[in-house]
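As structure tokens, the structure follows; a few thoughts come after it.
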Amino acid sequence: MFLHRRIFVWSEDRKNLKIQLAKTPIKGEKVDYIVEEAGYWRKANAIHKWFVDNVQKGNDNCGEYYVDENQMLELLVTIKKVIEASELVDGDVVNGYSFKDGKKTPIIGKGKTIKDPTVAQTLLPTTEGFFFGGTEYDQYYIDDLRQTQQILEECLKDKRGDYYYSSSW
């Protein structure tokens with residue numbers, strides 16, 4: 001899961017653009033855009049679901065989709081509401097899975113779970129899928145939200161460029 005920032009390079013800037021890559025010669029005068037990674041997630045399925053529902057219009061196809069400032073603000077506000085309403089308490093968490101005789105069995109360990117996940121389930125629900133990670137409302141879910149909050153806050157500080165979300169599995 002990626003959030004990329006695409007910055008247009010003006011023609012007068014292209015003249016002075018010097019790019020040296022080890023194996024690929026790049027002619028600065030021919031560069032139209034510079035694309036940088038603004039955010040990267042692994043198995044943050046609630047975040048992915050939000051992008052699919054709110055940016056991709058339900059089309060979960062590994063495509064690249066423009067994300068406007070209002071959408072980033074909406075997700076940021078939602079994340080803050082969920083974090084604020086999510087009290088972490090001691091509990092059992094899923095730390096992965098083992099497979100024996102073709103049967104998937106969760107590996108349980110001590111950790112933190114959300115005491116009452118109602119707000120999380122309503123505003124930023126998890127979703128199942130191949131390579132999508134766990135669907136529990138626990139410390140790992142909150143870690144994904146905090147990481148996303150940091151990414152969005154950094155993106156919203158810098159107004160240059162356009163942002164695009166993409167995923168691949």
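Readers should treat all values here as calculations from the given coordinates under stated rules, not as data from a laboratory. Model, not experiment: these values are computed from the prediction.
Overview of results
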read-out	value
Of 66, 33, 137, the one that fluctuates the most in a GNM where the chain has Cα springs shorter than 10 Å	33
Cα gyration tensor shape for the range 32-132, rounded if a/c is under 1.5, else prolate or oblate	oblate
Alpha carbon Rg of the chain, scaled by the compact-globule rule 2.2 N^0.38 Å	1.26
Reach of residue 18 by Cα under 16 Å, taken over lysines that are not fewer than 8 positions away in the same chain	27, 30
Separation between Cα centres of the range 106-168 and the range 1-73, rounded to whole Å	20 Å
